[in-house]
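Working notes, structure below.
The values are calculated or read from the model by the stated rules, or taken from the named source; none is laboratory data. Just so it is clear, the structure is predicted and the values come from calculations on it, not from any experiment. Here Cβ is always computed from backbone atoms with ideal geometry, including for glycine, and neighbour counts include all displayed protein chains.
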Ligand SMILES: Nc1ncnc2c1ncn2[C@@H]1O[C@H](COP(=O)(O)OP(=O)(O)OP(=O)(O)O)[C@@H](O)[C@H]1O
Ligand SMILES: [Mg+2]
């Protein structure tokens, strides 16, 4: 069974006043298997972020369904959806992933803390996650004291810390230079190969997309192409 | 793009933030206007209250050895600051025939026309008497006799029988002020002529302006008098009302000052947040080439605009609120509401102040934001407070404490007036606020332990938020500390002084009926003594009387200081009506029996007398050494009293007459005594009042004053609450994105709300605790301040109800203020909140 599946997913932003409604996503069917590394590409405004937000339960679709591990997200109330986000999904945004008031370690531990995990255990898990992204030495620093690449690696660590079913990353490298970008991508790749972590990554960058075994191309809210290169495919 | 465009854009983009900043100024200015108007209404109410209860505040000039004196002896005193009018009084018991009734009444000779013109003689009908054959009667007496203006009265004077015409009827209240017991008003020269005593007066009553300090005027007047004459508070008049009102006025000053302090905090806080929140945006503008000065000017301009709008709205709201508040206070004081008389400069001044405050408050964070390293400014987290700030705060706290201590000490040794306690109280409070940043974090951490396990997560995050935002936390806490300490401090002070006065009153007057000497002291001492003895015997012999205690009152001097000498029976079988300081009642009783005296604490302080001293006491021109056995708490004549047993006073000074008779009835027979006592009182020119009548008068004052103070205090609390609500709301709005991020990674809506509310409540409780300590300290300060005012320290009680109400209110206000915006923040679409900047 697919870890994540969408059926005829649609999202229309109703325009306010004179503005016309925007159909950001129009009928997307997508199935993602466990351990897959999927890159979603497409031109700006093609609906990538909107799709990802629906996959992660950040926004609800106008029509269609999202099934995560067989569960229809539309059936869940807000609190249950929050619990799914907390335990089963890891998010990485383009920027401002971390709360500026908290240290890196605290930021990474946050999902566990939210889940009521004790101090000692959440800290240990956060440290482990930071080690996995090679950021353990900066655990006590605040986000402002870290470079953009370091912040993004921290965000990946936070996404991983609960052992989620799937990691959703929206242009995690969009604000980074090529070296840092490569490091983050390499990190995600390693997660897929070493831990069989499922990752969906939205990106503009063909170099980044190339790292993924499967590339989904979007255009005007629809899937234009879906190709598997086989390199890391099962 | 010009900076002004950016300003407008920013407002449009974040209307909540600009609105909250303007609202803070509105709250502050509204508070100042409303509090000011309410304090004014209270002061006016107190003044009218004193006038109705105890008459116009006044002083008497009398002969040192009693009896009449030549009015020519009195120098000019009208020009002494605080003197409203000078009223020579001449009393004469007379026989009248009105219609078919023959009455013995007390006539008083005054310059009636002048009195009426000064507003001191109020007529129900007719006009004041001017000619020799004109008379004004007490309205109640006239009604009882069925006569009115134009009717005739036969006046049996010493020399002749005069036929006089009633020209006016005076209200009892206005007569009572200058002529207690007198019912007939005649022109002073006419009465003197009829009594063959030209230019002689019994006393000269000096009416004081409402805002005059009685003791200052008394000193100034006394300084001009020849040795034969003395100036004093009218004998027998409860100057207690005066003392209560004095403390109440002090309380008013205090509340007004505190509200100003609070307003300053609220504005400072809002402006700081308004600018600090946009630090990144401002840095970006600088990055694009704006100079620091341009940015500061931009921020200052914004503050002035927001301040101007807010101040105008606040002034309007404050004025609108002032009406009902003043009316409520007048009602509480049972004085006629005269409407709000707002000083014409108050509103413009409040607006200028609001704008000035806003600009000043915005300038500092603007300066900080522009002096910040650009990179640091662009960072997303606010910088931690630099250690220099910490040191500065500690130094400021130390200095403020020093100022408070010094001014309190100067006041305690009476170099400074009691009003200085306002200075020390405010300085102390600010000192507490400056140390708040250091106390708040450990306190919050401590409180965190009591968060139930279920909410551990939210609690931990909430504590993090508090700890990581020291400046904001400190400012919010500052508003709360001021509000809570205001409530607790003044609440304690009000209750303590009221209880003190009531306890004294209960000790002093334990009787069912009280007979007091009416105004006349003119008859010779021997005559009065004889009269008094007769009356006492008569009253004692009445059926149903259990006990009669006589109190004699005279003006005297102790070691040169003017005082009231009180001679009182103090029978052994009744509780001692005194509260000695540092000596047991039994010891005092024994000392009094030996012929020693006790001095009121204020007198002791003024005359430099200690317990155990032997001092020269002058009464009726006779100087005698008397030993002071102890000091006692007393409000008679503001505590400047010397008390001794009546038998001793008779022996030492020849004080025989009782000016006051306290009559205790046998159980269940009090009511039946009214008639016989009334008959005797009339015969001997005494006033009869039941204890409950007296008590009612006191209660009107005390309750009125207390409720007026509470209402102003309540106003302060509303202001504090609005300020706190504003601050918390701004702080929640500002965290929109963080809250969205927390939800994105799986925090439930309920958890988010709980976290925000917990943060706020913890801040509320922690500030409440600091405010509690500050409030109790303030209360102690106020009490110390009352030492020179009252002559004795007030007993300090910790009042759990006041504390509980204040802390509870702090928690409820902070919880509500956080809950409402937090609910709104989590109702937002998640997508919208994470894309918020
Ligand atoms: N909240 C919104 N309200 C209205 N329209 C929106 C909203 N969010 C996105 N859109 C519109 O939906 C379309 C898809 O947006 P989306 O953010 O998914 O694009 P994207 O592929 O992620 O683009 P980019 O590569 O630039 O990030 C766009 O036309 C966008 O303008
Ligand atoms: Mg996008």
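Taking region A:156-179 as the search range and keeping residues that are within 16 Å of ligand 1 (Cβ to nearest atom) and in contact with a strand residue (DSSP E or B) (Cβ under 7 Å, 6 or more places away or on another chain), which one is nearest to residue A:204 (Cα to Cα)?
This residue is A:171.
Could you tell me whether region B:664-675 includes any residue that is within 30 Å of residue B:561 (Cα to Cα), part of a loop (DSSP other than H, G, I, E, B) and in contact (Cβ under 8 Å) with a residue 24 or more places away in the chain?
There is no residue in region B:664-675 that is within 30 Å of residue B:561 (Cα to Cα), part of a loop (DSSP other than H, G, I, E, B) and in contact (Cβ under 8 Å) with a residue 24 or more places away in the chain.
Filter region A:49-70 down to residues that are under 13 Å from the mean Cα position of the chain (by Cα) and either on the phi > 0 side of the Ramachandran plot or more than 14 Å from every other protein chain (Cβ to nearest Cβ) (or both), then give me how many there are.
1
For region A:24-59, enumerate the residues that are assigned to a strand (DSSP E or B) and either crowded, with 23+ Cβ neighbours inside 10 Å or within 16 Å of ligand 2 (Cβ to nearest atom) (or both).
A:24, A:25, A:28, A:37, A:38, A:39, A:40, A:41, A:42
Of the conditions (1) within 42 Å of the chain's Cα centre (by Cα); (2) in contact (Cβ under 8 Å) with a residue 24 or more places away in the chain, residue B:144 satisfies every one except a single condition; which number is it?
(2)
Kindly indicate whether any position in region A:165-182 is away from ligand 2 (no atom under 16 Å from the Cβ), within 14 Å of another protein chain (Cβ to nearest Cβ) and part of a loop (DSSP other than H, G, I, E, B).
Yes: one or more hits.
If you go through region A:74-82 one residue at a time, do you hit one that is in a loop (DSSP other than H, G, I, E, B), more than 11 Å from every other protein chain (Cβ to nearest Cβ) and at pLDDT below 90?
For region A:74-82, residues in a loop (DSSP other than H, G, I, E, B), more than 11 Å from every other protein chain (Cβ to nearest Cβ) and at pLDDT below 90: present.
Looking at (1) at the interface with another protein chain (Cβ under 8 Å from one of its Cβ atoms); (2) within 16 Å of ligand 1 (Cβ to nearest atom), which is the one condition that is false for residue A:87?
Looking at each condition in turn, residue A:87 falls short on (2).
Tell me, please, whether a residue that is surrounded by fewer than 23 Cβ atoms within 10 Å (Cβ to Cβ), under 13 Å from the mean Cα position of the chain (by Cα), within 14 Å of another protein chain (Cβ to nearest Cβ) and within 12 Å of residue A:91 (Cα to Cα) can be found in region A:132-155.
The answer is no; no qualifying residue exists.
With respect to residue A:114, determine if the residue is within 16 Å of ligand 2 (Cβ to nearest atom) and under 21 Å from residue A:165 (Cβ atoms).
no
When the residues of region B:466-475 are narrowed to those that are within 11 Å of residue B:441 (Cα to Cα) and in contact with a helix residue (DSSP H, G or I) (Cβ under 9 Å, 6 or more places away or on another chain), which ends up farthest from the other protein chains (Cβ to nearest Cβ)?
Within region B:466-475, the first condition is being within 11 Å of residue B:441 (Cα to Cα), and the residues that meet it are B:466-470, B:473-474.
Subsequent filtering for residues that are in contact with a helix residue (DSSP H, G or I) (Cβ under 9 Å, 6 or more places away or on another chain) retains B:466-467, B:469-470, B:473-474.
Details: B:466: 10, B:467: 9, B:469: 7, B:470: 11, B:473: 12, B:474: 16 Å.
So the residue we want is B:474.
Does residue B:8 satisfy the criteria of being surrounded by 21 or more Cβ atoms within 10 Å (Cβ to Cβ), in the same structural domain as residue B:355 (by TED's automatic domain parsing) and modelled with pLDDT under 85? It would help to see each step written out before you state the result.
Values: surrounded by 21 or more Cβ atoms within 10 Å (Cβ to Cβ): no; in the same structural domain as residue B:355 (by TED's automatic domain parsing): yes; modelled with pLDDT under 85: yes.
It is false that residue B:8 is surrounded by 21 or more Cβ atoms within 10 Å (Cβ to Cβ), in the same structural domain as residue B:355 (by TED's automatic domain parsing) and modelled with pLDDT under 85.
Residue A:13 is checked against (1) within 14 Å of chain B (Cβ to nearest Cβ); (2) at pLDDT 90 or above; (3) within 16 Å of ligand 2 (Cβ to nearest atom); (4) more than 20 Å from residue A:208 (Cβ to Cβ) and fails just one. What number does that condition carry?
(2)
What helices (runs of 4 or more DSSP H), lying completely within region B:726-837, carry at least 2 residues that are modelled with pLDDT of 85 or more?
In region B:726-837, the matching helices (runs of 4 or more DSSP H) lie at B:736-744, B:749-790, B:800-827.
Hey, does region B:603-616 have a residue that's under 28 Å from the mean Cα position of the chain (by Cα) and more than 28 Å from residue B:217 (Cβ to Cβ)?
Looking for residues that are under 28 Å from the mean Cα position of the chain (by Cα) and more than 28 Å from residue B:217 (Cβ to Cβ), one finds none in region B:603-616, hence no.
Among the residues of region A:101-119, are any surrounded by 15 or more Cβ atoms within 10 Å (Cβ to Cβ), away from ligand 1 (no atom under 14 Å from the Cβ) and either in a strand (DSSP E or B) or more than 14 Å from every other protein chain (Cβ to nearest Cβ) (or both)?
no
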